[in-house]
Each structure stands twice: as C-alpha cells, then as structure tokens.
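**Student:** Have a look at this one.
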Amino acid sequence: MAIAFKLSFWWAACWVGLLFLCFGLESLVAAGDGLLSNGHFEVAPDPNFLNATVIVGETVLPGWKIEGTVQYITSGQIRGPMAPVVPQGRHAVRLGNDGQISQGIELERGSVYALTFGAARTCSQLETLNVSVPPTSGIIDLQTRYSGQGWDAYAWGFRAESRQAKLVFSNPGMEEDPTCGPVIDSVAIKKIPAPAASNDQNLVKNGDFELGPWILRYSSLGVMISPSPYEDSLPVPGWEVESGKAARYIDSDHFWVPEGKRAIQLLSGIDGSIFQTIYTVLGNTYNLFFLLGEAGDSCGEPMAVMASAGSRSQDVNYSSSSRYQSFNMSFLADSEITRIGFYSMYYNTKIGDNSSMCGPVIDGVRVTDLGHVIASGSISGLPLRLLCYCANLLALVLMMFFL
Ligand SMILES: [Ca+2]
C-alpha cells in the first residue's frame, strides 16, 4: 500500500513537472544558435483561427504571440502584383497596420547576439520593419532590394540586458490597405563571441570576418549588414556600415570566399562602405594588407574598391585573372585613432540580372605597425624625433660658434 502510494506520488510529481516544463517552453525559448521556435513559420495556426489570411487570436500561431493585423501567408495563395514573397518553405507572416509578432527568448546576460531574418516589402517602397529586444530597438529599411528574388536576409545585433527577454517584430507604418506591410520569415539567432584583442601582428579586430551572424543554410543571398548605432553590439564585430545602404555578409557554402568561411561583399558604392577604427601611434608608419576578390556570383565587371586608412586612400582594381589578389598600402598615422575603410567604386549588378546587386569581396584585413620610418623608407627604423633633436642641437652649436 505504502509502495503504491509512493509510486503514485512520483508519477503525479513527474506529470506536474512535465506540465511546468511544457508551459515554460511555450512561453520562453532558450536561444541556442539557429532558428527560433517555429522561426520558419511552417507550423500553421489552426484554420479555425484564420479569417481568410488574417490570424485571429493572440496565441494561435505556434511559438509566437500576435498583436494587430498579422497575415499568415501561404506561397501561391495570393496572386497579382502585390502578391507577397514567401522567402523559405511554404509559409511566412506579413505584418499589417500595427501588426506585431513576439517570442520570449532566454539569453546570456551581457553577451552580444545577432538576429538573422528574411524580410521583404510588399505594397510600399517606404516600408520599414521595427525589430527590438527591449530596451534595444532598431529599424530595418526595406526600401532597397539587394537581390532579384524579392527578399533579403538581414542581421541585427544587440547586447542582452537580461536573461529572459522578448523579441518583437513590428510594423511602424500605416498603409491605406491594412494588410500591406513587411513579410518576415526564417528568424534565427546566434551568440557572437567577442573578437580577439588586437595585437602587434594585427591591429584590426575580426579582420578575417569569421565572426558574424547566422547564415540561413538554404539561402544563397548572404545576410545584409545595415548601419547600426550600437557600436558595442555589431552583428559582424569590429565592422560598421556607413550611410544608408548595406553590405552583404557571405559564406563559403554559397560564394567564393578568399580565406576561411566568411567574408564581406561591398555593394552600393560609397553608401555601403564598411569601416573600423583602430588605435595608432602618431607619426608611426603602418601597413594595411587585405584580400580583394569576387564572390563567384556572375557579377558584372569592372570591380574595384577604394581602400582608405586615415587621410590616405587608394583605388584598387580587381583582376579576374584569379579569384582574389592581395594588396598592401602603407600609411602614416596622423592621429591616435585611425579609420580603416573600404567601399565599392562601382554599382555592380549580376550579368543578365540588373535587379541583383553584387560587388567586390574583402577579406583578411590586417594592419601592422612598422614603427618610425622615413617616408622614402631609406632610413628604416631610425627614430624621426631623434633625428630632429640632433639637427636642432647641431644648429644651436653652429649658432653659438658663429656668435
Ligand atoms: Ca574570411
């Protein structure tokens, strides 16, 4: 009798534990690297909670909480010029007026994370997408379509302020047609390790671009890196994107990458330039080394980049004789902080596909300190200040002699 009671007690305890576990999983998903819970939206809501395509009910879409007008999009279901694109699989969601989807995620407090998601605009050219993990938020500009497939994957970085957080996508726009608005698909997350500290061999952090956001495995579009105001939580650590356009983060599974598995492709001329600031010693000479290549994506030539370091800049042409070439450029530091930057000299598109943007690839960026070197390099290593001091001393002695 006592044994039977004990067994029933343990069974009951197990059931209660399981219930709590299920409830916890539904409301909060531990964010390992990869897709979020129902991040591809392929697990559909019960058809009884769909009014045509509009989702009716806050918690009927598995994994997500819904607010405002949110449509559940099925590939091929809506036809015509405003037909939304489904980036991956058969299903996606579209955020209409005041539309919002959210999911609880578990993070490591203080760590940097990058979200990757597919997004497309539908009706208006001015569509934007709000992404936030409170208290941090950002706006993704969907005005430019970088690929001819009608959608792009984007990355957005943030620093985790708490262990339990909420990821929110929302549509900040108000359209005449309440069902207009951005489409979202394939939401993934990746914890971004801190880049190794710069050293004498290389003052550039993450110069090989190996640290960066999750790349969707099925996608050959890379991931767009947009300008971000948060310097300490960049999706490609160390590297910032300037102006209003984006640069494309690419992987060796889908593109030619000069070194390792990741690199960056420059698009959009000066509007999509990337840069990094490094600490330098005033008056020292440095060498900037980098690899310039093509992505193997049938990009129309010519391709060239403008490389800059401090006040020095140089245009470098890509030659199709090899997949990539290496370049060196020396520069004199005229400040204790020097900006290293690259941008594409042309607005390239793919051969036979003017709607797909492409461009040169940068990888393996290294800056090394050469010390004090006279401009010609003929008195290599002799300290400039010592020379000036000797010249001044000689002038003083001569003056005293003649007076
Ligand atoms: Ca690389």
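The values are calculated or read from the model by the stated rules, or taken from the named source; none is laboratory data. Nothing here was measured: the structure is a model prediction, and the numbers come from that model. For neighbour counting, all protein chains shown are included, and Cβ atoms are generated from backbone atoms with ideal geometry for every residue, glycine included.
**Student:** Might you let me know whether the stretch 207-227 holds any residue that is over 13 Å from the mean Cα position of the chain (by Cα), in contact (Cβ under 8 Å) with a residue 60 or more places away in the chain and within 16 Å of the ligand (Cβ to nearest atom)?
**Tutor:** Checked against the condition, which is being over 13 Å from the mean Cα position of the chain (by Cα), in contact (Cβ under 8 Å) with a residue 60 or more places away in the chain and within 16 Å of the ligand (Cβ to nearest atom), the stretch 207-227 yields at least one hit.
**Student:** Conditions first: (1) under 18 Å from the mean Cα position of the chain (by Cα); (2) closer than 19 Å to residue 222 by Cα. Residue 277 passes all but one, so which condition is the exception?
**Tutor:** Residue 277 satisfies all of (1) under 18 Å from the mean Cα position of the chain (by Cα); (2) closer than 19 Å to residue 222 by Cα except (2).
**Student:** Show me the strands (runs of 3 or more DSSP E) entirely contained within the stretch 50-121 in which 2 or more residues are outside the structural domain of residue 237 (by TED's automatic domain parsing) and more than 23 Å from residue 226 (Cα to Cα).
**Tutor:** 65-67, 70-74, 100-106
**Student:** While we're looking at this one, here's another question. Test residue 85 against the stated conditions and say whether it is touching a strand residue (DSSP E or B) at 6+ places or on another chain (Cβ under 6 Å), aliphatic (A, V, I, L, M), surrounded by fewer than 21 Cβ atoms within 10 Å (Cβ to Cβ) and in contact (Cβ under 8 Å) with a residue 60 or more places away in the chain.
**Tutor:** yes
**Student:** Output the residues belonging to the stretch 184-206 that are within 16 Å of the ligand (Cβ to nearest atom), surrounded by fewer than 20 Cβ atoms within 10 Å (Cβ to Cβ) and not aliphatic (A, V, I, L, M).
**Tutor:** 193, 195, 202, 205 - these are the residues of the stretch 184-206 that are within 16 Å of the ligand (Cβ to nearest atom), surrounded by fewer than 20 Cβ atoms within 10 Å (Cβ to Cβ) and not aliphatic (A, V, I, L, M).
**Student:** Pairs only if they're at least six apart or on different chains, beta carbon under 6 angstrom, first in the stretch 252-264 and near the ligand (Cβ under 8 Å from one of its atoms), second among the hydroxyl-bearing types (Ser, Thr, Tyr) and assigned to a loop (DSSP other than H, G, I, E, B); list them, first residue then second.
**Tutor:** Final answer for the pair search is 261/252.
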